[in-house]
Structure formats: C-alpha cells, structure tokens
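Following: one structure in structure tokens, then a few remarks.
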There are 2 protein chains.
Amino acid sequence: MYIKKQRLLTPGPTPLYPPALHAMMRADMHHRTEDFRKVYRACLADLKEVMGTSNDVLMFAASGTGAMDGAVSNLFSKGDKVIVCVAGKFGERWAEIAKAYGLDANVITVPYGQVVKPEQVEAALLAEPATKGVFVQASETSTGAVHDVEAMGRAIAKTGAIFVVDAITGLGTMPLDIDGWGLDVVIGGSQKAFMVPPGLAFLSVSPKAWKLGETSNLPHYYFNLKKEKKSGDAGESSWTPATAMILALGEALVYVKQIGMADLIKNAQMLAQATRAAAGKLGLELFSAASPGSSVTAIKAPAGMDSGVIVKEFRTRFGSIIANGQGTMKGQIFRIAHLGYFDFADLFAMIACLEIILNANGHTVPYGTGVAAAQEVYAQAAVKK
Amino acid sequence: MYIKKQRLLTPGPTPLYPPALHAMMRADMHHRTEDFRKVYRACLADLKEVMGTSNDVLMFAASGTGAMDGAVSNLFSKGDKVIVCVAGKFGERWAEIAKAYGLDANVITVPYGQVVKPEQVEAALLAEPATKGVFVQASETSTGAVHDVEAMGRAIAKTGAIFVVDAITGLGTMPLDIDGWGLDVVIGGSQKAFMVPPGLAFLSVSPKAWKLGETSNLPHYYFNLKKEKKSGDAGESSWTPATAMILALGEALVYVKQIGMADLIKNAQMLAQATRAAAGKLGLELFSAASPGSSVTAIKAPAGMDSGVIVKEFRTRFGSIIANGQGTMKGQIFRIAHLGYFDFADLFAMIACLEIILNANGHTVPYGTGVAAAQEVYAQAAVKK
C-alpha cells in the first residue's frame with residue numbers, strides 16, 4: 001500500500017476551501033442572535049455582490065434541487081404553459097418538477113452532449129404567446145455543455161415569460177449578467193464554485209418574477225420565497241438555518257471576493273481550456289465538442305474502454321474521485337471538473353494520472369504529452385499572479 | 001488572481017494527514033484522566049511498534065532539537081569524549097549541543113552534500129577507545145544525504161560508546177533496524193514522516209544508553225529521560241502534555257500502521273527515485289549524488305539561476321512552499337520533500353510546475369519530459385494498490 005490522498009475532483013461536491021471548513025468550528029452560536037445575524041446578512045450581501053445583481057437573493061438550507069422546487073411552486077400556477085429545455089439529466093429534473101406541480105410544459109429535448117438553441121426557444125415562445133416561463137440549465141453538469149443564456153434571456157425578456165436558470169454549476173464558471181440579460185431567477189448551490197460542502201441553495205428573484213409569483217396558486221410551505229425575503233431583510237432565515245454551513249459559505253465568499261468573480265471564472269475557463277488541449281493531445285474526444293463549458297469537461301472513453309475503468313483506477317491508483325457519466329452516458333464518458341477551488345497543480349496531476357491509466361488499459365499515449373499541452377495553455381496565458 | 005492552493009512541500013513541516021488534524025478537535029479532555037491515558041499509552045506503544053524496537057520509547061512536548069538536547073544532558077557527563085559526524089546544518093547542531101554541555105567532541109566534518117564514511121568513525125573510535133558516544137544524522141535534511149548508520153552501528157556496538165542517531169527525517173524514509181544495528185538512541189519528530197504539525201519529539205533508549213546515563217552528571221530538568229520513562233509506564237507524561245498534538249499523532253499512527261512502516265518507506269523511496277529521474281531528464285544535477293536519501297531530494301539550480309527564484313515562483317505561481325538551501329547552500333539548491341503524507345499526484349504536479357518555472361527563467365526544457373520520467377518510475381514499479 002502506498003500513500004493516496006483523497007482528492008475530490010467531481011463537479012460537485014468540489015474541493016473544499018480549508019478556511020471555510022475551519023469556520024464551521026465556530027458554529028456554537030445561536031441563530032437568533034445579533035452575532036449570527038451579522039454572518040447571515042454578510043452572506044446574503046456577498047452573494048448578491050458576487051452574482052452581480054440588483055435582484056433579491058434568498059438562501060435555503062437545501063440542496064440546489066430545493067431552490068428549483070421553490071422557484072416553481074412559488075412563482076407559477078397549475079396549468080401554466082412553460083418551456084423546458086432538456087439537454088441532460090438536470091434538464092430532465094426541470095421537466096420532472098414542472099410535471100410534479102401540474103404545469104403545462106413544452107419540453108424541448110436535444111440529445112445528450114448537445115444544447116437547445118436560442119432560436120428553438122424563440123420559436124416556441126412565438127408559437128405560444130401565453131408562455132409563463134422558460135427553464136434551462138446555464139451549464140448542464142451531466143454533459144459539460146453550456147446554453148447560450150444571454151441570447152435566450154434577451155429573447156425571453158421581450159415576452160411575458162420569466163426566465164428560470166439553474167446556474168448551480170454555471171455561477172463562477174461562466175459570465176452571467178443576471179440583470180443585463182434578463183435572467184429572472186438564477187439558482188446556485190454551496191457545493192459548486194462556492195467551495196463549501198452541499199447543504200445550501202440560493203436564488204436571485206427579479207421584480208418580473210415576483211410579479212408572476214403574486215398570482216401563483218401552487219401549494220408550498222418550506223420553500224416560501226416571500227417569507228424568506230422578509231426574513232432575509234431582517235438578517236435571519238425563516239426556519240432554523242444551517243449555521244455551520246453559513247459560516248463556511250461566509251468565509252468562502254470573502255475568498256471569492258478577494259479573487260474576484262471575473263478571475264474565478266477565468267480560472268475555470270483556463271483549466272477547461274487546458275483540459276481540452278490535453279484531451280486532444282491524448283487522442284480523446286470531447287462529449288460536448290460544440291459548446292463545452294468550463295465547469296466540467298466531459299470526455300469520451302477511448303473506443304473499447306469503459307469509462308468506469310478510468311473512474312475506478314483514479315480511485316484505486318491515486319485516491320482521486322472523478323465523475324463517470326450519468327444515466328445512459330455511464331460507461332461512455334468521464335468528467336473532469338474545474339469549478340471552484342481547483343488549480344493548475346491539481347490539473348497537471350490529474351492529467352499525469354490519466355495518462356498512466358490510459359496506458360495501463362490499452363490506450364497507448366506517450367507519457368507527459370497531455371501534461372505538456374496543459375502546460376502550454378498555462379504558459380500562453382502568461383499566468384503569473 | 002487565480003486559484004493557488006497552498007501546498008506544503010517542505011521536508012518538515014510536511015503535509016498534514018487530515019484525520020489527524022480533525023483529531024485535534026477532541027482536545028477538550030483533561031490529561032490526568034483514564035481517557036487521555038489510553039491515548040497516550042497507545043501513542044507510545046504504536047511509536048515503539050512502527051519504530052520496530054524493543055527499546056524504551058519516550059515522548060516530549062518539544063521540537064526534535066529538544067530530544068537531541070535531552071539525549072546529551074541525560075546520558076553523558078562533562079568532558080566525555082564523543083565523536084560528532086557533521087555533514088550539514090543538523091550535524092552542526094549536534095556539535096553545538098555537545099559544546100553547550102562541555103563534552104570533548106572529535107568533530108568529523110565533510111563538505112555539504114557528502115557524508116561521513118563508517119570507516120572514518122571506526123578509525124576515530126580506534127584512536128580514542130574511551131569514546132563514550134557517536135552522534136550522527138541518519139538523514140541530513142539540509143543536503144538530502146543519508147549516512148550508512150547500519151555499518152556505523154555495527155562498528156560502534158563493539159565498543160563502549162553509544163550510538164545517538166538523529167532520525168528526525170530518517171524515520172519513515174529509510175530502513176532503520178534499531179535493535180539489530182545497535183542504534184542506542186533514535187530521535188524522531190511529529191512533523192516529518194508522522195504527518196502532524198511540529199510540537200512532539202520522541203526517542204528510543206537502549207539498555208546500553210540507560211547504563212551510560214546512570215553516571216551522567218550534566219544538569220537537566222524538563223528533559224528528564226528517567227522520569228519520563230516512569231511517567232510513560234503509567235500512561236502519562238511528566239509535565240503537561242500537548243494533548244491536541246498527541247491526539248493527532250495517535251490518529252496518524254493508526255494510518256502509518258495501516259500502510260505499514262515498510263510501505264511508508266517504499267512510498268518515499270519511489271517518490272525520491274522518480275524525482276531523481278525527473279531532475280536528470282530536465283538537465284539538473286543532484287546535490288548529494290553519491291548518497292541521496294528519500295526524505296528530501298536536494299537539486300542544484302541551473303547555472304546562473306538563483307534557487308531562491310525557483311522557491312519564490314513555486315509560491316507566487318502555484319502557492320506551493322518548497323525549501324531553499326540552508327546556510328551557504330541558500331541560493332544554490334532547492335529541496336523537494338518526499339517524507340510522510342506525499343503521493344505521486346503531488347509529485348507529478350510539482351514537476352510540471354518546476355518545468356514551467358525553469359522555462360520561464362531561461363532554462364529551456366520540453367514541457368512534460370520531467371513528468372514523463374517520473375511517470376515511467378511509477379509504471380515500472382507497477383504500482384497499483
């Protein structure tokens with residue numbers, strides 16, 4: 001047996017920012033005190049700042065799916081016509097939630113690895129002017145592809161529909177001009193680019209979305225956006241907050257602000273670019289070649305090799321956890337994440353390990369060549385600071 | 001600004017084993033309780049087991065230097081004739097301690113990067129049969145060189161002298177048959193291969209060393225080996241113990257036993273071998289080519305490049321802390337550590353970073369070639385488990 005450090009290299013949970021973890025040790029405080037209200041207020045204000053929006057930002061003790069649920073149950077009404085863009089497992093989740101609440105969904109499905117085009121959304125909006133909402137993933141984590149939410153948002157803004165964007169892996173990995181592009185609801189989670197464990201979901205809500213919510217008739221209790229907004233304004237959460245998680249997020253947000261959201265995004269973009277360069281050099285094909293995002297890069301296993309073997313050997317040989325494909329993509333692709341607390345040294349190591357695993361399983365590549373492709377990307381970006 | 005994770009890649013402190021760190025959180029216990037005695041007893045027993053000795057093992061809240069001090073002040077007497085092997089900064093420390101306590105030291109000095117030969121020690125012992133002790137570093141951390149303590153030990157065992165070995169970076173990086181080779185006193189520290197922060201020193205003491213100590217007339221108080229032995233037998237320390245540190249060490253020792261001391265040593269040896277291969281491929285010279293150890297590899301900076309530039313750019317570009325040379329070696333060499341909680345992924349990353357730094361500072365090397373040399377070592381060792 002030799003030393004293998006467990007490295008969490010999945011697109012969520014993502015590697016944890018150590019000072020944020022240490023902050024969880026400060027959780028022996030009561031949540032209905034001014035001490036905690038300070039922390040909670042700072043969290044909401046910092047989220048708003050790094051998301052770069054003037055919309056309200058609310059937070060829940062929940063996974064990202066909770067905020068998706070709440071966005072539907074608080075803003076829509078039974079039988080509302082909506083458009084759901086499905087380009088992967090998380091698009092399918094939007095369709096499931098819409099169905100669970102009895103919305104009348106026009107589901108636009110594209111094959112895994114591809115994305116729904118803004119023109120498809122425009123056409124669907126034209127075909128049904130009574131559409132109340134459009135649901136999409138900014139970044140579809142299951143395939144690594146990104147939607148053109150800017151073009152979609154600008155088109156939707158001209159209609160009566162609101163644009164509900166799951167940006168759980170989009171925030172911090174791609175530019176999202178929430179106010180400028182008309183992204184009415186933008187959903188994020190703690191365990192992605194925000195570098196802390198799972199357990200917190202947050203969402204921004206535009207005036208247009210609040211307006212639609214006024215007539216909502218769907219039942220909900222825990223996920224009560226209006227109540228949560230009022231509580232948040234008072235520096236509190238409606239229900240008992242996940243104090244340790246909020247302390248962690250608060251600490252991580254200080255770091256995110258220090259780096260700057262623009263540079264955090266660039267960091268992910270550079271790592272993704274370097275990963276694509278390495279994959280190409282190693283003769284591997286990208287799963288979402290047309291619109292690869294920077295939160296995660298999905299790579300096809302070489303012909304005849306199960307991607308599960310790659311995932312397994314990352315664990316057994318190097319203690320590292322990378323992601324397999326989900327659903328029917330399982331066995332076909334593996335996914336290397338870039339979002340949040342990832343750096344170039346992580347990537348160099350990961351690619352060197354990948355080269356070893358490929359060689360050991362019949363896909364012969366010269367050692368160091370994938371690493372070299374990634375190093376070139378680093379050098380050309382002239383990254384120093 | 002982009003993400004740079006702080007990686008501690010120095011030959012002490014070394015990277016920390018996370019469960020050991022978490023164990024420090026359990027320090028709200030009193031040290032004079034059966035609960036803590038259990039922890040303390042387990043620590044001493046596990047240290048004895050992984051050191052592989054039947055000698056007594058004692059522990060102090062101190063840095064390794066404290067145990068070196070205690071070995072001298074408890075076992076020797078004023079004016080005792082001793083031999084001190086000096087092959088670097090830590091050999092010089094033995095000479096300073098011997099001087100501080102008024103021993104009559106025959107200091108055998110070799111240039112930095114070289115080691116004292118067993119024959120030199122044998123000759124000195126022959127020349128002075130009244131010699132009471134021989135002091136050496138198993139691994140001289142400042143140069144990366146290792147002494148042949150087996151041959152020295154076998155020679156010293158035939159005389160009346162005791163053999164006092166600073167194995168602070170030797171333990172866990174090189175085989176040390178304490179009982180078989182006659183290593184009368186072997187000193188270790190928590191912040192080396194034992195994967196926890198600095199703060200604890202321990203040493204094994206042979207019957208021959210205890211015997212010599214019976215006539216010792218040097219003053220000491222805190223470092224009282226006899227008193228500490230008695231306390232340890234009762235599952236306690238004489239003075240207030242560093243409880244959090246001991247909880248951490250206890251946890252790390254469980255992991256070391258799980259890996260096995262032999263495999264922990266092999267881990268360091270493989271990493272050192274891979275580092276030497278990479279350095280060679282990158283046209284870099286080893287500082288201690290004749291007897292390189294596996295705790296740390298000292299590499300000469302390319303001609304015309306200050307090694308401080310390499311150390312600085314590891315920090316500024318990649319957030320990683322590597323060691324410069326010490327004393328007159330500063331600026332000439334840099335040191336890459338392998339001891340304790342280091343793995344191949346760490347090394348691949350470190351070499352990729354080094355290649356970038358070399359290229360950026362005028363020493364042109366093809367990207368990925370050093371990494372490839374290290375990958376070859378991994379592959380040839382057929383490491384999988």
Against the condition in contact with a His (Cβ under 9 Å, 6 or more places away or on another chain) and in contact (Cβ under 8 Å) with a residue 24 or more places away in the chain, how does A:G70 come out, does it pass? yes
Does B:G188 meet the test of being more than 26 Å from B:A252 (Cβ to Cβ), touching a Leu at 6+ places or on another chain (Cβ under 7 Å), outside any loop (DSSP other than H, G, I, E, B) and touching a residue at least 24 places away in the same chain (Cβ under 8 Å)? no
Residue under evaluation B:F314, criteria (1) in contact with a His (Cβ under 8 Å, 6 or more places away or on another chain); (2) of a type outside the set (K, R); (3) closer than 18 Å to B:N359 by Cα; (4) within 14 Å of another protein chain (Cβ to nearest Cβ), criterion not met: (1)
Answer from A:V149, A:V165, A:V121 - the residue that is farther than 29 Å from A:A61 by Cα, in contact with a strand residue (DSSP E or B) (Cβ under 7 Å, 6 or more places away or on another chain) and either surrounded by fewer than 24 Cβ atoms within 10 Å (Cβ to Cβ) or not assigned by TED's automatic domain parsing to the domain that holds A:S295 (or both): A:V121
With the structure loaded, tell me whether B:A272 is in contact with a Phe, Trp or Tyr (Cβ under 8 Å, 6 or more places away or on another chain), among the hydrophobic types (A, V, I, L, M, F, W, C) and at pLDDT 95 or above or whether it fails that test. no
For residues that are assigned to a loop (DSSP other than H, G, I, E, B), more than 8 Å from chain A (Cβ to nearest Cβ) and either more than 18 Å from B:V309 (Cβ to Cβ) or of a type in the set (V, I, T) (or both), tally how many sit in the stretch B:352-377. 2
Only residues that are among the acidic types (D, E) and touching a Ser or Thr at 6+ places or on another chain (Cβ under 8 Å): list them for the stretch A:332-385, please. A:E355
The correct count of residues that are outside any loop (DSSP other than H, G, I, E, B) and free of Cβ contacts under 8 Å to residues at least 12 places away in the same chain in the stretch A:215-232 is 3
Might you check whether a residue that is within 19 Å of A:M68 (Cα to Cα), in contact (Cβ under 8 Å) with a residue 60 or more places away in the chain and surrounded by fewer than 22 Cβ atoms within 10 Å (Cβ to Cβ) occurs anywhere in the stretch A:82-92? yes
With the structure loaded, tell me whether A:G66 is surrounded by fewer than 22 Cβ atoms within 10 Å (Cβ to Cβ) and at positive phi or whether it fails that test. no
From the list A:A27, A:A62, A:A23, which residue is within 24 Å of A:V205 (Cα to Cα) and not assigned by TED's automatic domain parsing to the domain that holds A:K330? A:A62
Quick check on A:A337: is it facing chain B (nearest Cβ under 8 Å), over 16 Å from B:A345 (Cα atoms) and touching a residue at least 24 places away in the same chain (Cβ under 8 Å)? no
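The values are calculated or read from the model by the stated rules, or taken from the named source; none is laboratory data. Predicted, not measured: the structure shown is a model, and the values here were computed from it. Cβ sites come from the backbone with ideal geometry, for glycine too, and all protein chains shown count toward neighbours.
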